[in-house]
Amino acid sequence: MATFLQLLFTGLGIGAIYALVALGFVLLIRAASVVNFAQGQFSMVGAYLLVVGFNVLGLPYYLSMFLSVVLMAGFGVLFAGATYWPLRHRGGLPVIISTIGASIFLENIVLFLYGPSPEVLPGLFDSPGIQVGPVFMDSQYLSILVASTILVILQYLIFEKTLLGKKLQATSQDKEMASLLGIPVVAMILITFGYSAALGGLAGMLVAPVLFVSVGMGGLIALKAFAANIIGGYGSIPGAILGGLLLGVAETLGASYISVPYKDAFAFAMLLMFLMVRPQGLFGEKISEKA
Amino acid sequence: MKLLEIKDLRARYGAGEVLKGFDLSVDQGEIVALLGANGAGKSTTLRAISGLVPHVAGSITLDGKSLLGQTTEAIARLGVSHVPEGRRVFPGLTVRENVILGASNRRISGADTKREVDQKFDLFPDLRRLADVLGWTLSGGQLQMVAIARGLMANPRVLLLDEPSLGLAPLIVQQVFKVIGEIRKLGTTVLLVEQNAHMALSVADRGYVLETGNLLVQGKPDELWNDPQVRAAYLGGMAAG
Ligand SMILES: Nc1ncnc2c1ncn2[C@@H]1O[C@H](COP(=O)(O)OP(=O)(O)OP(=O)(O)O)[C@@H](O)[C@H]1O
Ligand SMILES: [Mg+2]
């Protein structure tokens, strides 16, 4: 039981990262009908920005994080200008291909600047963690869980309780109608890209101390996050959160109780199972809302 | 000067010309009906005014300012409020949220918004009870009321209404037209597209009849009503009423 609780804790921590990246996916799917295959590379770039701020420039950790998040938001807007904007009237596929191209481009730029050897980042706290009953709560996993919870609440408040949030939702539901009401649709889409990149970048910074910071770190996270998105229900916000957590827990339990080398296989086995048994995912939405 | 003035309006989607060059104007405070059979080009005319048709020629001015080539958002900000075909109520937002978003292009305080939303609910009492219900759960008549209330929240110079009666039960149609009558009392200018000529001409000051992208005839409601060409070509059996 103690082991189980311990694994549950770790799994939720990893799952929270998947959930944050999955949220980034979902927001762009909803706002711009864009499936962004560079979402994982947002996490990678975010982590490298933290490396630059903290390891290279020697700025304080929190300041580096803050600056990196701000830079990521700006980066998201530039990214939209490069990949989405020129192709926005051409339907989904060209944009998908251009985000795939951008993901390869980003990895190669970072590879060129930093080389293939991974970078190491310390955690948010010096203390290794705290013992709560039978569970040792690693301070970084704890930080991930706390930060993700705060982000999810913040996002909920922004989307549900502010006028900006309602305009973002309106834009994602019917762009033409939004523009007829004078809602600046382009600005709404750029805000979503910026937010999505900041979210992805922050996820990368949070997970960096647990993994290594490497050029390839984003790819696998994004695959898991995409799987989480489908498990939770394609395009569903609560689905992205729950799907991510579920996936993190499943693969951690699977790795521990069954086989470590097949850790990643559990995530995809779960994805296949959902696709066969419940393709609409946990929170499959009404067709009318996606039209 | 006319409030809304359209001259030699031409529009096409791809190859085929859908609007073939006609003039239309709306005076301050008027309700003008734009009639015509299916596919005559009524919606395209409204969409051209709102900047939603890519290939438009001729001129469209509001208060003398050209709308041609402006973005849809900019046209909305200039005071054109378009209640489109199919209502287009945001399905995932509540009735109140939908109505509030109608004021998106205005600088207006929270308190004023609240008061104005309340006024719209006075106009459509059913909506007050449905204020916190999501758009996708509403019936056709309720959707139309939300769409008009939302359109009015823009406090527009001119309100474009595209077939508000389409697909509604007769009793609901009566209710919607009663509100259009009340809107005119508030001094709002309306360009009303309808297939229901009888209802439209009962509230309108003037009317235009389109036929496959050309202007067939224009005039006062009783003139249109008694025009043999119109009767034969379009109003047909309905004119008996
Ligand atoms: N997006 C489009 N692409 C191509 N052709 C279109 C498009 N929208 C409308 N048309 C064509 O333009 C013509 C005019 O259509 P429009 O919708 O303006 O007619 P309408 O008078 O509003 O008819 P209805 O009463 O059916 O709404 C029709 O022949 C229609 O097929
Ligand atoms: Mg029409």
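Brief remarks on what is shown
- Test result for residue B:69, more than 16 Å from ligand 2 (Cβ to nearest atom) and under 15 Å from the mean Cα position of the chain (by Cα): no
- Qualifying positions in the stretch B:100-128 - within 13 Å of another protein chain (Cβ to nearest Cβ) and basic (Lys, Arg): B:106, B:107, B:114
- Boolean, residue A:11 is under 29 Å from residue A:77 (Cβ atoms) and out of contact with any Phe, Trp or Tyr (no Cβ under 8 Å at 6 or more places or on another chain): no
- Count - residues of the stretch B:34-49 that are more than 13 Å from ligand 2 (Cβ to nearest atom) and either in contact with a Pro (Cβ under 8 Å, 6 or more places away or on another chain) or modelled with pLDDT under 95 (or both): 0
- Residues satisfying the stated conditions in the stretch B:1-19, i.e. touching a residue at least 60 places away in the same chain (Cβ under 8 Å), within 16 Å of ligand 2 (Cβ to nearest atom) and either crowded, with 22+ Cβ neighbours inside 10 Å or part of a loop (DSSP other than H, G, I, E, B) (or both): B:19
- Restricting attention to the stretch B:58-99, the residues that are at negative phi, free of Cβ contacts under 8 Å to residues at least 24 places away in the same chain and either more than 8 Å from chain A (Cβ to nearest Cβ) or of a type in the set (S, T, N, Q) (or both) total 8.
- Taken together, the criteria exclude residue B:190 from residues that are under 20 Å from the mean Cα position of the chain (by Cα), away from ligand 1 (no atom under 16 Å from the Cβ), closer than 22 Å to residue B:44 by Cβ and within 14 Å of chain A (Cβ to nearest Cβ).
- Taking every residue in the stretch B:37-50 that is aliphatic (A, V, I, L, M) and pairing it with any residue that is within 8 Å of ligand 2 (Cβ to nearest atom), at least 6 positions away or on another chain, the pairs with Cβ-Cβ distances below 9 Å are B:46/B:85; B:46/B:162; B:46/B:193.
- The residues of the stretch A:92-103 that are surrounded by 13 or more Cβ atoms within 10 Å (Cβ to Cβ) and under 19 Å from residue A:222 (Cβ atoms), listed by number, are A:92, A:95, A:96, A:97, A:98, A:99, A:100, A:101, A:102, A:103.
- Scanning the stretch A:102-144 for residues that are in a helix (DSSP H, G or I), touching a residue at least 40 places away in the same chain (Cβ under 8 Å) and small (Gly, Ala, Ser), we see that the one that is farthest from residue A:61 (Cα to Cα) is A:102.
- Within the stretch B:73-99, restricting attention to residues that are surrounded by fewer than 22 Cβ atoms within 10 Å (Cβ to Cβ) and hydrophobic (A, V, I, L, M, F, W, C), the residue that is nearest to residue B:133 (Cα to Cα) is B:93.
- Among residues of the stretch A:170-185 that are without any contact (Cβ under 8 Å) to a residue 24 or more places away in the chain and at the interface with another protein chain (Cβ under 7 Å from one of its Cβ atoms), those with a beta-carbon under 7 Å from a residue that is assigned to a loop (DSSP other than H, G, I, E, B) and among the basic types (Lys, Arg) at least six positions away or on a different chain give the pairs A:174/B:88; A:177/B:88.
The values are calculated or read from the model by the stated rules, or taken from the named source; none is laboratory data. Because the structure is a prediction, the values reported are computed rather than measured. Backbone-built Cβ (ideal geometry, glycine too); neighbour counts: all protein chains shown.
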